[in-house]
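Since the structure comes first, as C-alpha cells, the remarks are kept for the end.
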Amino acid sequence: MKQRVITATILVAIAVVLFLLPTSIAKYAIAVGVSIIAALAYKETLGLTESHKPYPNIIKVLGFICMEMMVFNSINASYIYNGASFIAIGLTILLLVIPSIFDKKGKYTTKEAFYLIGSTLMIGIFFNLLMLIFNANKWLLLYLLLIATMTDTFAMLIGCLIGKHKLIPDVSPKKSVEGSIAGSLVGTIIASIYYYNIITSNINIIVLVLMTLTLSILGQLGDLFFSKIKRENDIKDFSNLMPGHGGILDRFDSMTFILYGYIIIINIINLIK
C-alpha cells in the first residue's frame, strides 16, 4: 500500500506540473513523455507470450517504428479530431504484413502479423489521440481522466461496501454489479458538472450526461478487456514498472476505451448538428 501511495503521488505531481505549464511548453514535454510511455506500453504487449509467439528482433524494431509513426501522425492537425491518417494506417499494415509472406520457419506467421498490427494500431492511435486532445484543450483531457478515475474509484469503494453480485467473475472476480452502477453514476455526475462549469455550458445537459455515462461504461469495459488479457496470459500486472500500480497498460486500460469512445461520440454529434 505504501508503494502504491508513493507512486500515485509522483504521478499526480507530474500531471499537475504538465497542466500548469503553458501549453506551448508542455506540449514538448508531453511529446517526449508520450513517446516513451507508448514504447513501454508496446513492449508490454510484446511480452504477452500466451497471446502470440516471440517475435524476431527485426520485426520488433519494425513494429516500434510503425507504432511511433502512428503516435506522432498529424498531432498538429488544424482540426482536433483529424488524427492518424489513412496513409499512416495503410503503411503500418503493409509493413507488418509483408514480412510474414517470407517466413519459412513459423517464427512470424500471419497470425502473429495480425496480432502485431492490432497492438500497433490500438496503442499508436490511443497515444496519438492523447496528444491531440492535450494540445487542443488540456482541460478536456482532464474531463476524460475524471470519468476514468471517478468511475474506477467509486466502483471499488461501493463494491467493497455493499457489493454482493459479481459482475463478470471469470474476468475480474472483485468487480460487482453494485460497484459498477455506483461508479458510473458518481463518475457521470462529477465529470458532467466539471465539463459544464469548466469547459463549456454551451451544450445540451441531456446530451452531456448521456455522453459522459456512455464513456463511463466504456471505461469499465476497457478495464475488463485488459483484465481478460491478463487472465488469458496468467499474469497479475502487465509489468512492474510502477510499484503498486503495475505497468502502463494497467493504468491506461479504461482510458483507452474512453478516448476511442469520445472521438466517436463527438464526431457523431458534429455530424448531426
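The values are calculated or read from the model by the stated rules, or taken from the named source; none is laboratory data. Computed from a predicted model, the values in this text were never measured in an experiment. Cβ sites come from the backbone with ideal geometry, for glycine too, and all protein chains shown count toward neighbours. Just the protein is used for accessible areas: all its heavy atoms, side chains included, with ligands, DNA and RNA removed. Shrake-Rupley method; radii C 1.70, N 1.55, O 1.52, S 1.80 Å.
Some observations on this one:
- A quarter of the convex hull surface defined by the alpha-carbon atoms of the stretch 171-273 gives 7.8 nm² as the mean projection.
- Signed unit charges on C-beta, dipole axis of the chain, positive-most listed residue 156, 227, 259: 227
- For the stretch 143-219 and the stretch 18-74, distance of Cα centres in Å: 28
- In this entry, the chain is assigned a mean projected area of 15.6 nm², taken as a quarter of its C-alpha convex hull surface.
- Carbon and sulfur %, accessible surface of the stretch 190-273 computed with the full protein complex present, 1.4 Å: 64
- Lysines whose Cα lies under 23 Å from that of residue 236, excluding same-chain neighbours fewer than 8 positions away: 2, 43, 53, 166, 174, 175, 228
- Under 5 Å from the amide H of residue 166 lie the amide H atoms of 177, each residue being 5 or more positions distant or on a separate chain, with H modelled from the backbone and absent for Pro and chain starts.
- Only the Cβ atoms of Lys and Arg (+1) and of Asp and Glu (-1) were treated as charged; on that basis the dipole of the stretch 146-273 about its Cα centre amounts to roughly 140 debye.
- Under the Karplus curve 6.51 cos²θ - 1.76 cosθ + 1.60, θ = phi - 60°, whole-Hz ³J(HN,Hα) for the stretch 194-199, x wherever Gly or Pro sits: 4, 4, 5, 8, 9, 8
- Dipole in debye (nearest 20) - the chain, about Cα centre, beta carbon charges: Lys, Arg +1; Asp, Glu -1: 240
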